[in-house]
Amino acid sequence: MINYINRIFKPVDNSANGESTSETVFYYKQAGNIVTAEYKGGSILYGHLIGLADSEGHIEMRYHQINTKQELMTGICESRPEILADGRIRIYETWKWTSGDFSSGYSVIEEI
């Protein structure tokens, strides 16, 4: 299993309907197969995610966040990790809003 303990990530790509930007920072934690993160920056005032990682490091997660418009946004996400040549982790995410317009999208975040 991939170790997400104390890993810090920033977005490098996101769908136009997503809220995270290059200013958003994700602070990951892990206990067993439970992965959590707090995040903020850009148009996100505060966010939190919680998920379950499988033996290959794929994460099935749920997230909620408050944006700068004071909206509470929620969603679901499937994440697939890749180990880069320098040992950092890149995560490919497929997500869907469960609030707002209920649209879907993708994003890529990389360990900094």
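The values are calculated or read from the model by the stated rules, or taken from the named source; none is laboratory data. What you see is a predicted model, and the numbers here were worked out from it, not measured in a lab. Ligands, DNA and RNA are stripped out before the accessible areas are found, and what is left, the full protein with its side chains, is counted by its heavy atoms. Shrake-Rupley method; radii C 1.70, N 1.55, O 1.52, S 1.80 Å.
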Calc'd 3J(HN,Hα), the stretch 9-18, phi into Karplus 6.51 cos²θ - 1.76 cosθ + 1.60 (θ = phi - 60°), Hz, glycine/Pro = x, comes to 10, 9, x, 10, 7, 7, 5, 4, 8, x
Which of 47, 75, 87 fluctuates most in a GNM of the chain (C-alpha springs under 10 Å)? That residue is 87
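Counting only heavy atoms of protein chains, what accessible area per residue, in Å², does the stretch 1-106 have with a probe of 1.4 Å?
That works out to 55 Å² per residue.
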Diffing the stretch 23-36: the Karplus 3J(HN,Hα) column from phi (6.51, -1.76, 1.60, θ = phi - 60°), in whole Hz with x for Gly and Pro, holds 8, 7, 10, 10, 10, 8, 9, 8, 9, x, 9, 8, 10, 10
Sorted by chain and then number, the residues having a modelled amide H within less than 5 Å of the amide H of residue 98, at least 5 places away or on another chain, are 74, 75, 76
Rounded to the nearest 10 Å², the accessible area of residue 108 using a 1.4 Å probe with every protein chain kept is 20 Å²
Largest fluctuation, 54, 101, 86 only, Gaussian network model of the chain with Cα springs under 10 angstrom, belongs to 86
Calculating P(r) over Cα pairs in 10 Å bins from 0, in percent from this structure picks out, from (1) 16, 49, 29, 6, 0; (2) 12, 27, 24, 18, 11, 5, 3, 0; (3) 15, 53, 28, 4, entry (3)
Carbon/sulfur accessible area of the chain, % of total, 1.4 Å probe, equals 55 percent
In a Gaussian network model of the chain with springs linking alpha carbons closer than 10 Å, the residue among 22, 55, 99 that fluctuates most is 55
Relative contact order in percent for the chain (Cα pairs under 8 Å, 6+ apart) equals 23 percent
